[in-house]
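A quick write-up on the structure given underneath.
The values are calculated or read from the model by the stated rules, or taken from the named source; none is laboratory data. Note that this is a predicted model, so its numbers are computed, not measured. Heads up, the Cβs are rebuilt from the backbone with ideal geometry, glycines too, and the neighbour counts pull from every protein chain shown. When the accessible area is computed, the model is the full protein with side chains, heavy atoms only, and any ligands, DNA or RNA have been set aside. Shrake-Rupley method; radii C 1.70, N 1.55, O 1.52, S 1.80 Å.
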Amino acid sequence: KAKVAVLISGAGTNMAALLFASKLPSCPYEIILVASNNPDAEGLKIAAAEGIPTFTKSHIGLDRVAHDAIMHDAIVKSGATYVALAGYMRILSKEFVAKWDGRMLNIHPSLLPKYKGLHTHQRAIEAKDPVAGSSVHLVTAELDDGPVLGQIEVTILPGDTADTLADRVKMAEYQLYPKTLAEFVVRDTNPEFLTAQVRSLALTQPEAD
Ligand code: GAR
């Protein structure tokens, strides 16, 4: 199974969704570390209770590159080969991003490319969008940029506030993130997979004469 480190800063409910999905026998990944910049992150307790090793290093008083280097070392030591950001509320240094190029995913609570950055739900409501949602994407040097691997839509209800919408988007995220991560590691660890898909598509095309 692909070994994944999950980085969190807060409640860690997306981490919990990734973790519980990984307990299903067919899941192609396992969570081998949950790491946080916030020693009080609630999610650390969930992980510890489930027997997952945790690591915490506060960013306070450290510069970004130094803090990221400490997180990187902990991830490497754990044996993880993928990183899943799940409510990790830190902007990452370009050095850290480069080290995990193509192997680090993030979940962002908007239908990217809409609403990068913060306050995504408030912005969607103010824009009178009919739908909000969430995206899982590969992390690149630009904030909330990088190829989108999966998205899920959530209808905005009359009377929704940023908080009520955020709660519903989270429920959708619990479906999206485990599925998208699972599909990604299967593709990434099996170079034949894409080729096989392309080949089977080609086979279903009508024969040219
Ligand atoms: C999630 O909704 C996630 O999409 C969002 O924070 C929440 C974390 O909740 N991420 C961001 O805003 C990243 N910029 P959780 O800690 O309960 O998983």
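Quick notes
- Counting only protein heavy atoms and using a 1.4 Å probe, the accessible area of D40 comes to about 120 Å².
- Spatial offset of the range 119-173 relative to the range 1-27 amounts to 20 Å, using the alpha carbon center of each.
- A full extension of the chain between L143 and K77 corresponds to an added length of 21.1 nm, given 0.36 nm per residue minus the alpha carbon distance.
- Computed lengthening from E30 to D167, 0.36 nm per intervening residue step minus Cα-Cα distance: 46.7 nm
- Residues listed by number, the range 30-60, amide nitrogen under 12 Å from K1 label point at 7 Å toward C-beta: 30-33, 52
- Mean separation of Cα contacts under 8 Å (6+ apart) over length of the chain, as relative contact order %: 18 percent
- The count of lysine pairs in the range 1-151 that are at least 8 places apart or cross chains, and whose C-alpha atoms lie under 15 Å apart, stands at 6.
- Ordering of 159-165, 60-66, 10-16 by packing is 10-16, 159-165, 60-66, highest average first (other Cβ atoms within 10 Å, averaged per residue).
- Put simply, the range 1-48 fits an ellipsoid with semi-axes of 20, 10, 7 Å; these come from the alpha carbon gyration tensor as the roots of five times its eigenvalues, largest first.
- Accessible area per residue in Å² at 1.4 Å probe, computed on the chain: 53 Å²
- The DSSP beta bridges internal to the chain are antiparallel in roughly 40% of cases.
- Carbon + sulfur, % of accessible area of the chain - ligands and nucleic acids excluded, 1.4 Å: 59 percent
- Histogram of C-alpha separations across the chain, 10 Å bin width, %: 8, 32, 34, 18, 6, 1, 0
- Helix-only arithmetic for the chain: the sum of -39500 (n - 2.57) across DSSP H runs with n ≥ 4, divided by the residue total, places the mean residue ellipticity at 222 nm at -13000 deg cm²/dmol.
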